[in-house]
Amino acid sequence: MARKSTTKGWLMPDESREAPPKPRLTRDRIIDAALQMMAEQGYEAVSMRSLAKTLGTGPASLYAHVANREQLDQLVMDRIGRGLDLPVPDPEHWQEQLKQALRDTLALYRAHPGSARATLGAIPTMEGTMRIAEGLMAIMVAGGVSEQAAAWFCDLSALYVGAVAYEESIWALRAGDATEEFDHAAMDAELRGFFASLPPDRYPLLTSLAGVMTQGDGDERFEFGLDVLVGGLAAVSDRYRR
């Protein structure tokens, strides 16, 4: 008896190869993609058009979630700022609390290479960054810093930490990988040789102090900056008391 053939219950070949649906485009997905592009290709590689291409969509779809590049930068800063833990202000240890908050901010930028560029030339207005300003102000005011000096220090410290973090990402990109820590030792050795090779009659201090000029890694130099900034804040605070 002949056997009947049937395809009932089986998928046709074209149906079995249907592509899975694309993940839904959300603001969080856009921020994730922007941070990844900044880390891998640098801040300047990110535009609304390049971001849309990375996400497999058109720019018009992005604009439904993010108005423009300026808002994207605000969202990046907001995301990073939400990761910072701020202490309960302690008047007896306000200087160390302030330094630690700035160290922790640098660590967040280092975890997202290139992202610190978003802070330069921008006025933060979202919750993640506002809570940082509020927290830093609380630490300083509790420590007796004048309100005007504390307010201006928020801007000064943001510029310092952001510039350090962004410069680190530039050096890493030049070395070929923004996600890897830059080899400061190799650069310092090269720079030390350069200083030592200068004409001593024209550059007596740079040649004789070549070792001093290149001493210290990135963390040590960052700590020096914190000492200068926070120590200076304590020293000049009363000058700006209204």
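Coordinate-derived values only; no laboratory data. Keep in mind it's a predicted model, so treat the numbers as computed, not measured. Note that each Cβ is placed from the backbone with ideal geometry, even for glycine, and that neighbours are counted across all protein chains shown.
Across every pair of different alpha-carbon atoms, what Kirkwood hydrodynamic radius in Å does the chain reach? Evaluated on the chain, it is 21.5 Å. When the chain is treated as a GNM with alpha-carbon contacts under 10 Å, the residue of Leu209, Leu25, Leu84 showing the greatest mean-square fluctuation is Leu209.
How high is the relative contact order of the range 78-240, in percent, counting Cα pairs under 8 Å that sit 6 or more residues apart? Computed over the range 78-240, the figure is 26 percent. Dipole check for the chain: with +1 at the C-beta of Lys and Arg, -1 at the C-beta of Asp and Glu, and the Cα centre as origin, the magnitude is about 1440 Debye. Note that the range 79-194 shows a convex hull volume over its alpha carbon atoms of 127 Å³ per residue. Counted as membrane-span-like here are DSSP H helices of the chain whose alpha-carbon atoms extend 24 Å or more along the helix's own axis and whose Kyte-Doolittle mean is 0.0 or above; these are 147-175, 218-236.
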